[in-house]
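Novice: Have a look at this one.
No lab work stands behind these numbers, since they all come straight from the coordinates. None of the values given here were measured: they were computed from a predicted structure. In this analysis, Cβ positions are derived from the backbone assuming ideal geometry, glycine residues included, and neighbour counts consider all displayed protein chains.
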Amino acid sequence: MVGNPNVGKTALLNALTGGDFIVGNFPGTTVEKKIGKSKINGRVIEFVDLPGIYSLQAYSLDEKIARDYIINENPDLILNVLDTSNLERNLYLTIQLLEFRKPIILVLNLVDEAKNKGIIVDSKKLEEILGIPVVETVAVEGVGIEELKKRILEGGKIGISVHAENVEKRIEIAEKITKKVVEKKKVAKSVGDMLDEVFTDRYVGVLIFFSFMWMAFRFTYDVASPLVNIIDISISRVVESISGETLIESLIAGGIITGVGSVLIFVPNIAFLFVALSILELSGYMARAVFIMDKTMERFGLNGRAVVPLIMGFGCNVPAIMATRTIEDKKTRLVTVLVNPFISCSARLPIYVLFAGAFFTGIESVVIMFMYLLGIILALFSALMLRKFVFKGETAFIMEFPPYRIPKLKDVWRLTWGRTKHFLQKAGTVILVMSIVIWYLTNFPESEIQNSYAGVIGKSIQPIFTPMGWGWELTIALIMGFIAKEVVVESLGIVLGNTMNIVNIITPAQALGFMVFTLLYMPCLATLAAIRAETGSWRWTAFAVVYGLIVAYFVAYLITLLGGVVF
Amino acid sequence: MKLSIAMFFLFIFLGIAEISINPVNAFVLFVIALVYFRGHQKGKSYVYTASLIAVVFAIISILALIASYIDCMILNETYEWELEFGLAGIIALPLLWKIKP
C-alpha cells in the first residue's frame, strides 16, 4: 500500500484486515512499514502499509523505506492509495509506479470529502486511461472495501506504459489526466475554509494555538483530578491494610504497591493528555499549528516538519525521535533528535503533578504549563545554538493541510489507548522491577533508611546538589530516574513512605528547581537507545547526556534562586 | 458586523473579571475577544471561529467545575462554588448554528 502522506492508507489497512493500527490526521503518522493479514475468500493476503511519500526520489528516510520495499521486496500487487481531492498531485506518484511495470490497483480514497468540495472524479474514465482497476473508497466508513477485496483477488493490472524522462514530464502527464477525469462544481465556503482563514492568521493564529494548549492542560489536570484521587485513596487503603511487619509484607506494601502505585496514580492525567492531543491531531488542527509555528521554527534553524516530532515528544520521546525520519535535511534531523529530550514527555507529568499539587495549590495548571513551555523554549534555544555553531545551513519544507474532521470516538480511543498502554506496560515491567530494587536499597544492609544503601549512595552524591538545597532523598530519586522518569516519583514514594511527605523536606522554590532539573537532566534509557539508533553515533548520544546534565544543573540553580525571591 | 463588536466587548469584560482569578484563563478570553474584533474587520469566518473557541473553552470550564465538585465528594470536603467567567462562552453556541454554512 503506497501513496502520499495522509491519504488514509492506515485506515484502509484497518478496513481490509480488521486491524487496530493507529490512524492519524497528520502527514507522517506512519514512518515505518506496518504489516496486516486478511483472509479473503479463503486466501491469506498480507498487506504492507508503507510510509506516505510524494515521490520515489527518496530524499527522506521514510521515502527510502517505501522505495526500497517496492524495488527489493517485489510485492505481488501495489495498492496505490490516492486522496480524491488532490488527484493531480497524487497522480505524480502513480506515474512513477506505472514505470515499475508491476500489477497496480488505484484506490481513490476519501471520495466523500472530495464530493463535499465539489470535486467529482470519473473513475471509469481514469481506469480506461491508466489501464489499471480503479476503486472508490471511504476507508474509515468501510465504503468500497468489498469491491476492493474483489479487485485484489483478481490481481490488478500492469497498466499503460509510461516513459517520463523527468519531473516536468510527469507533472504534465498528471495534469492532462486530471483535466480529463475531474469535474469541479462550485460550492459555498465550507467550515474548513472558514477555520483555516483564522487558524492560519498571522496575528491571531499563534495566540489561538497557545489557548488550545492551555485548554489541553486544564483538561489534563483539572478534569482528570477525581480519577487521580480515587486511585490514590484506593492504593492508600490497600497499603494501610497490610501491616508491613514481616519482610515479605514490607516488600509488598512499602516496595511494590507504594512504588508502582505512586506511578499508577497519574495514569488518568496521562490518558487525558493523550485524549486532548488525539482530538487536536485527528481534527486536523495540529497540521495548522505546524504551519503557524513554521516561521517561528525557522528563526531557530528548524522548519515546520520539526514541529511534528516536538509535539509527539509530549507523549513519549522515543516515537518522537523516530518521527524525525520525515525530515529530509540531515542536519535539521540531527538537531531535532538532540533537542527532543527537552520536551516534557508523559513520564515527567507525574513529577509535575505531584510537586505542583504539593507546593503550588491553586496554581497547579499554571506551574505545569510553565514546565511545558520551559521545555519548548530550551529545546528551541538549543536548536538555535546547534544550528549556529555546529550544524550550519538553511532549511525549508512544504506540507499540505489534512481536511478538518470531527474526531471519531473509536480513533480517539485507539490513539489514547495505544499511547497509555505503553505507560502501563512500563508500570508492569521496569517500574515493578525498580520498586523491588529501590525497596532493597532502602532496607538493606540496615532497615534504618539513613544507613541503607540508598541513603549511602544518596548522601555521597548529594553535595553536588547542595546549591539547590536538595537532600539525599531527592538525589537517589534522580539517579533512579535515569532508568525511566516515572521512577523519580516511585523512588520518592518508597523513600519517604508517602510522596506528599515531600513538603517536609524542601521549600517551594527548591521544588520548582527540582521539577526543572527532572525536565532537563538527561534522557531516559529508552530515549538514549532511540538517539543512538537514529543518529548512528555514540558521540551524539554522549552529547545528549552531557549537554542535558549541564543545562539542567544551571537552569535548575537559576530557577531555585529566582523561586526563592518569588515564593 | 455589530454582533462581533458586541461579543468583543463582552469577552473583554469577562477577561478583565477573570484576571484576578486565573490570568491564563483571562488570556484565553482576551484571545476570543481579539478574534471577534478581527471578525468585525474581516468577516464571518472570524466570528464563527471565535464562537467555536468560546464554546470549547466553556465546555472545558464546565468539565473542570464538575470535576472539582466530584473531588470534594470523594475527599469529604465542603464544596465551594468558584465563579469562572469562561463558562459564559456557552452563549456563543447559537452563533455557531447561525453562521454555519
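Novice: Tell me, what is the percent relative contact order of chain A, built from C-alpha pairs under 8 Å that lie six or more residues apart? Let's see the in-between values first.
Specialist: Details: 922 pairs, mean separation 71.5, N = 567.
This gives 13 percent for chain A.
Novice: In nanometres, what is the gap between the two model label sites at A:LYS408 and A:GLU73, each 7 Å from Cα along Cα-to-Cβ?
Specialist: Going from the A:LYS408 label point to the A:GLU73 one covers 2.4 nm.
Novice: What is the Cα centroid distance between region A:400-460 and region A:145-170, reported in whole angstrom?
Specialist: Going from one Cα centre to the other spans 48 Å.
Novice: Charges on Cβ only, +1 for Lys and Arg, -1 for Asp and Glu, centred on the Cα centroid of chain A; of A:ILE230, A:THR499, A:VAL335, which one is farthest towards the dipole's positive end?
Specialist: So the residue furthest toward the plus end is A:VAL335.
Novice: Among A:THR416, A:THR10, rank each residue by its count of other Cβ atoms within 10 Å, from fewest to most, as a rough exposure measure. Spell out each step's value before the answer.
Specialist: Values: A:THR416 20, A:THR10 23.
So the ranking, lowest neighbour count to highest, is A:THR416, A:THR10.
Novice: Lysine pairs in region A:41-150 with Cα distance under 24 Å, only those 8 or more apart or on different chains: how many are there?
Specialist: Taking region A:41-150 as the scope, the lysine pair count is 13.
Novice: For chain A, what does the helix formula give at 222 nm: sum of -39500 (n - 2.57) over DSSP H segments with n ≥ 4, over the residue count, nearest 500 deg cm²/dmol? Show your work: numbers first, answer last.
Specialist: Numbers: 27 runs with 329 residues, N = 567.
Computed mean residue ellipticity for chain A: -18000 deg cm²/dmol.
Novice: Something else now. Compute the longest continuous run of chain B that contains no exposed chymotrypsin sites (Phe, Trp or Tyr not before Pro); treat a site as exposed when its DSSP state is not H, G, I, E or B and it has at most 16 other Cβ atoms within 10 Å.
Specialist: Working: sites that count: B:TYR79, B:TRP81.
Looking at chain B, B:1-78 is the longest stretch - no exposed chymotrypsin sites (Phe, Trp or Tyr not before Pro) with at most 16 other Cβ atoms within 10 Å.
Novice: What is the projected area of the convex hull of the Cα atoms of the protein assembly as shown, averaged over all directions, in nm²?
Specialist: Details: hull surface 130.3 nm².
Answer in nm², one decimal: 32.6.
Novice: Can you give the longest stretch of chain A with no exposed loop site, where a site means trypsin sites (Lys or Arg not before Pro) in a DSSP loop (not H, G, I, E or B) with at most 13 other C-beta atoms within 10 Å?
Specialist: Counting at most 13 other Cβ atoms within 10 Å as exposed, the longest clean stretch of chain A is A:203-391.
Novice: Run the numbers on region B:1-90 and let me know its relative contact order in percent, using alpha-carbon pairs under 8 Å that are six or more apart. Each step should come with its number before you reach the end.
Specialist: Working: 93 pairs, mean separation 26.1, N = 90.
Reported relative contact order: 29 percent.
Novice: At most 15 other Cβ atoms within 10 Å and a DSSP loop assignment: could you name the GluC sites (Glu not before Pro) in region A:349-441 that fit?
Specialist: Working: sites: A:GLU364, A:GLU394, A:GLU400; in loops: A:GLU394, A:GLU400.
Sparse-neighbourhood loop GluC sites (Glu not before Pro): A:GLU394, A:GLU400.
Novice: Just how far, in whole angstrom, is region B:1-53 from region A:319-389 if you go by their alpha carbon centroids?
Specialist: 30
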